[in-house]
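Read-outs: derived from the displayed coordinates by stated rules, not from any lab. Owing to the predicted nature of the structure, the values given are computational and were not obtained by experimental measurement. So basically every Cβ, Gly included, is an ideal-geometry build from the backbone, and we count neighbours across all protein chains shown.
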Amino acid sequence: MALRTLEQLKTEEREARRRLIADTARDLFSRKVFRDVTVREIAKTAGVSVGTIYNHYTSLGEVFLDVFLESAKEITDLMDSALENKDGDVFRRFCRTYVNYLNENMTFFQMMSNFILGGELSEDGVHNLNNSMRSMVDRIEQAVILASIQKDTRIAAHALFSALNGLMISYGRYPGRTPEEIRQHTLRLTDVLAATFEASTRE
């Protein structure tokens, strides 16, 4: 086996350091509101300097995006699994899969909302975000088609994406309710939304 070159070793070291920063940030985001996390806090927890973070990221927003993109890959994988299982009500199960993930990963949902509402990103960051969002909507469109909705499927997918996210905006952190109560309520609403959506788009 050929020995790795010095350049390859440097690349691997750089990727490992970036991975450490992103993993540390994700852990911090899971324990507090992500907007309250600072570059200095990430650096201290990861055991690196603030300068090291800025060697890998142009801004804190880019750190947010890196963590978001990793979670986006997780949810698209779950979407794919839901689409592959053709048993039973695929459309309803797909919608529940999406909402379940948001319930269990509220930081991801908050980040997505932040970016959609105009979070600051570099040109490359915007490109990566758009690709990730497009990938999610692609899966939603597949679910729409599997539900026998054949007219304007892309618009229907956008409408469903908006409705599911709106459900979480309204009830995802409802005061005075436990996480399990919120999960059960949002899933009940998801079932109603899925049934209503199927019925209305077939008219």
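Assuming a ≥ b ≥ c are the square roots of the Cα gyration tensor eigenvalues, decide whether the stretch 1-85 counts as rounded (a/c under 1.5), prolate (otherwise, with a/b larger than b/c) or oblate. Note, shape of the stretch 1-85 comes out oblate. Helix 6-31 and the long axis of the chain differ in direction by around 50°, with both axes built from C-alpha atoms.
Only the Cβ atoms of Lys and Arg (+1) and of Asp and Glu (-1) were treated as charged; on that basis the dipole of the chain about its Cα centre amounts to roughly 380 debye. Against the chain, whose longest principal axis comes from its Cα atoms, helix 106-116 is set at around 90 degrees.
One way to sum up the overall shape of the stretch 59-201 is the equivalent ellipsoid from its Cα gyration tensor, whose semi-axes run 25, 19, 13 Å, largest first.
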